[in-house]
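The values are calculated or read from the model by the stated rules, or taken from the named source; none is laboratory data. The model shown is predicted, which means the values in this text are computed figures rather than measured ones. In this analysis, Cβ positions are derived from the backbone assuming ideal geometry, glycine residues included, and neighbour counts consider all displayed protein chains.
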Amino acid sequence: MTRNIIITGANNGIGLALTQSLLETEDRVAALDFSMENLDPTHPNLLPFRCDVTQPQQIQTVIDEVVQKWNGVDVLVNNACLALFILFERRSLDDIRREFEVNYFGYLNMIRAVLPIMRKQKHGVIHNVSSGVGFTGMPGMSGYTSTKGAIESLTRTLSLELADDGIIVNVMHPPLTRTKSASGFGVPPEMMADPMVVGRGLANKIGSTKPYVTPDFTTALGLFGNRHFPVGMGKFLSSMAKKAQQQK
């Protein structure tokens, strides 16, 4: 069955790989990002939109066009991301506000826009892309980790509020992947996952109703450690990143 899927941050990294993988199936994808140079605008099942997720009016214009052309929205993937790597005492509050505007309020803006449609349909799935560092923390990422911790709590709350409407809200957890947002970790690229492999894995899980969605078993195992042993895993990940940076 053809599904109508919206993906934010669709022009690069995991979002791009996810979009390309879904377009190889019968699914239709509305791709949102600041630019669209990495996607083929002539693909019959692609609707590309230059859109800033921090701007509700731009989002509403996109959603209205999607519904007009496709008559509904089955899945929303909130993937747009901003990650700044700055030690806490060196960063301004504006830095953290910028991350929250994209990583948290951007998600809220998208959810608010699709919610009336999904309620009317009496079905829908909302995947909020998160990160294990939302549980563990990570030096130099006080803004990003805070946004992901907030997304975890928001997702759990909305999953309870919207269950009676037939709407599933859950969290997608990719592994540490070779993307722009992960470049500041200092981890060598060869130690990070290939975004295309991650995207394909997540594409196979689109529409999943599980509380936590991962592309593979290894990532699920790492997520288990992050959720249940956040202090220990935080220290381990921090030491690994520090060691990788020293070896450069």
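Taken over the range 37-58, the criterion of being under 22 Å from P174 (Cα atoms) and either crowded, with 24+ Cβ neighbours inside 10 Å or touching a strand residue (DSSP E or B) at 6+ places or on another chain (Cβ under 8 Å) (or both) is satisfied by L39, V53. Taking each residue of the range 136-154 that is among the aromatic types (F, W, Y) and looking for partners that are in a helix (DSSP H, G or I) and surrounded by 22 or more Cβ atoms within 10 Å (Cβ to Cβ) with beta-carbon atoms closer than 6 Å, six or more apart or interchain, yields Y144/E99. Say whether the condition of being among the hydrophobic types (A, V, I, L, M, F, W, C), in contact (Cβ under 8 Å) with a residue 60 or more places away in the chain and surrounded by fewer than 22 Cβ atoms within 10 Å (Cβ to Cβ) is met by at least one residue in the range 85-105. Looking through the range 85-105, at least one residue is among the hydrophobic types (A, V, I, L, M, F, W, C), in contact (Cβ under 8 Å) with a residue 60 or more places away in the chain and surrounded by fewer than 22 Cβ atoms within 10 Å (Cβ to Cβ). Restricted to the range 216-244, and to residues there that are at pLDDT below 90 and in contact with a Pro (Cβ under 9 Å, 6 or more places away or on another chain), the residue that is surrounded by the fewest Cβ atoms within 10 Å (Cβ to Cβ) is K242. Take the conditions touching a strand residue (DSSP E or B) at 6+ places or on another chain (Cβ under 8 Å), charged (D, E, K, R) and at pLDDT 95 or above and apply them to K148. Does it pass? Considered against the rule, which asks whether it is touching a strand residue (DSSP E or B) at 6+ places or on another chain (Cβ under 8 Å), charged (D, E, K, R) and at pLDDT 95 or above, K148 comes out as no. If you go through the range 13-36 and pick out every residue that is acidic (D, E) and surrounded by 24 or more Cβ atoms within 10 Å (Cβ to Cβ), you end up with 1.
The helices (runs of 4 or more DSSP H) found wholly in the range 58-149 and carrying at least 1 residues that are among the polar types (S, T, N, Q) and farther than 30 Å from G225 by Cα occupy 105-121. Name the residue that is nearest to M110 (Cα to Cα), counting only residues in the range 59-84 that are of a type in the set (S, T, N, Q) and buried (at least 17 other Cβ atoms within 10 Å of the Cβ). Here the residue is N78.
Is there a residue being among the aromatic types (F, W, Y) and surrounded by fewer than 20 Cβ atoms within 10 Å (Cβ to Cβ) anywhere in the range 144-151? For the range 144-151, residues among the aromatic types (F, W, Y) and surrounded by fewer than 20 Cβ atoms within 10 Å (Cβ to Cβ): absent. Restricting attention to the range 187-215, the residues that are at pLDDT below 95, surrounded by fewer than 17 Cβ atoms within 10 Å (Cβ to Cβ) and not hydrophobic (A, V, I, L, M, F, W, C) total 4.
Among residues belonging to the range 106-131 that are within 13 Å of the chain's Cα centre (by Cα) and among the small types (G, A, S), point out the one that is surrounded by the most Cβ atoms within 10 Å (Cβ to Cβ). That would be S131.
The set of residues in the range 37-57 that are touching a helix residue (DSSP H, G or I) at 6+ places or on another chain (Cβ under 9 Å) and in a strand (DSSP E or B) comprises L46, L47, F49, R50.
Quick test for you: out of L22, L32, pick the one residue that is closer than 21 Å to G72 by Cα, at pLDDT 95 or above, under 13 Å from the mean Cα position of the chain (by Cα) and not in a loop (DSSP other than H, G, I, E, B). None of the other options fit; the residue is L32.
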